[in-house]
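I have placed the structure first, in the form of structure tokens, so that the comments after it can refer back to it.
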Amino acid sequence: MTRPTIEEVAAAAGVSRSTVSRVVNGSSSVSPEALAAVQDAISRLNYVPNRAARSLASRQTNAIALVVPEDTTRFFGDPFFAAIVAGISARLTRSDYVLNLLIASDDPGAKMTSFVRNGAVDGAIIVSHHTSDSFVDRIAEAVPVVFGGRPVQARPGDYVVDVDNVLGGRMAAQHLIDRGHRRIATVSGSLTMPAAVDRVQGFREALAGAGLQPAAEIDGGFTEEGGAEAARRLLSGGAELPDAIFVASDLMARGVLRVLRGAGVRVPDDVAMIGFDDSQVAVAVDPALTTIRQPMYAQGEAMASVLLDVLAGRDAERVTILPTELVVRASA
């Protein structure tokens, strides 16, 4: 059987083709009688609108871009991104929108910026952005954008979904302080990213409140190898090892653990450790990580929900802050 056409729907409903088109595209300029007739004809004929034709007419693509200014190794190797994408996808399954994934990799943003600005998507979600990622401003000028995490350059009218990273960093340090540790170091994420800066801020605040100074602060870049290199620096520094370390992601913590174990340093007997994320890495390592849980899946859902509200013209929260939570396991 051939697929029914819009003309056949119009004939069955006794209205013009343009009236059927207005009904299909959600226009309110249709009489109740015509609306009922068209809907009945659509149901009887099992008519499915041609999405491509509707996109051309309405200038809508029913597509959303997830923009990730990272290389593919980090994107596919970090469980944070997997959870975010899962949350976004789950929310979009309850809508008419599909997800386009745009990973910057070695591209400085030119190709993805052109893709977005040329009308390929209706809106964008931007996560894991750095101070050098100026191209995100050009994307935000072209389509509605929701930022996953506090943007580097805040603008009036931005939509943001984030966790309280300052509080998370403070909770991590306070837990170590409460356990009696006094020489506490941190392995931060890349300090070109607001999330990393905020976690360090919370860490410093907790130490200052206890009259302590950081034993060391090393940028681990939010990668496992960056965490491993940070541990090597701590071991080779010549100074006394810290008695506790706050590592600002579970993935980095795995790298720190690997190097410490290889050097014969026991966790938590010699050095206590706390991570951040509560990803599957936290329970896969030995010892299992005490960590700060951030609701990554819920972040993805919330980002998609906010963007869908914006695209539909509904009121949306400008800033959504989700809670963090201390999860105590064996490492601290």
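The values are calculated or read from the model by the stated rules, or taken from the named source; none is laboratory data. Everything quoted here is computed from the prediction, not taken from an experiment. Neighbour counts run over all protein chains shown; Cβ positions are idealised from the backbone, glycine included.
Pairing residues of the range 105-118 that are not assigned by TED's automatic domain parsing to the domain that holds S132 with residues that are at pLDDT below 75, at Cβ distances under 9 Å and at least 6 apart in sequence or on separate chains, gives no pairs at all.
Please tell me if D96 is surrounded by fewer than 18 Cβ atoms within 10 Å (Cβ to Cβ), more than 19 Å from the chain's Cα centre (by Cα), of a type in the set (D, E, K, R) and under 30 Å from V328 (Cα atoms).
Details: surrounded by fewer than 18 Cβ atoms within 10 Å (Cβ to Cβ): yes; more than 19 Å from the chain's Cα centre (by Cα): yes; of a type in the set (D, E, K, R): yes; under 30 Å from V328 (Cα atoms): no.
The answer is no for D96.
Counting only residues that are of a type in the set (S, T, Y) and at pLDDT 95 or above, the range 224-270 holds 1 of them.
Counting only helices (runs of 4 or more DSSP H) wholly contained in the range 43-106, the ones carrying 3 or more residues that are farther than 24 Å from T131 by Cβ and either β-branched (V, I, T) or at pLDDT below 90 (or both) occupy 51-58. Do you know which residues across the range 10-31 are assigned to a helix (DSSP H, G or I) and modelled with pLDDT of 90 or more? A10, A11, A12, A13, listed by residue number. Looking across the range 133-159, just one residue is buried (at least 16 other Cβ atoms within 10 Å of the Cβ), assigned to a loop (DSSP other than H, G, I, E, B) and either in contact with a Phe, Trp or Tyr (Cβ under 8 Å, 6 or more places away or on another chain) or not assigned by TED's automatic domain parsing to the domain that holds D71 (or both), and that is P144. Residue count for the range 298-332 under the criterion of being farther than 28 Å from F246 by Cα and loosely packed, with under 14 Cβ neighbours inside 10 Å: the result is 6. Residue-level analysis places D162 among those that are farther than 17 Å from A272 by Cα and not small (G, A, S).
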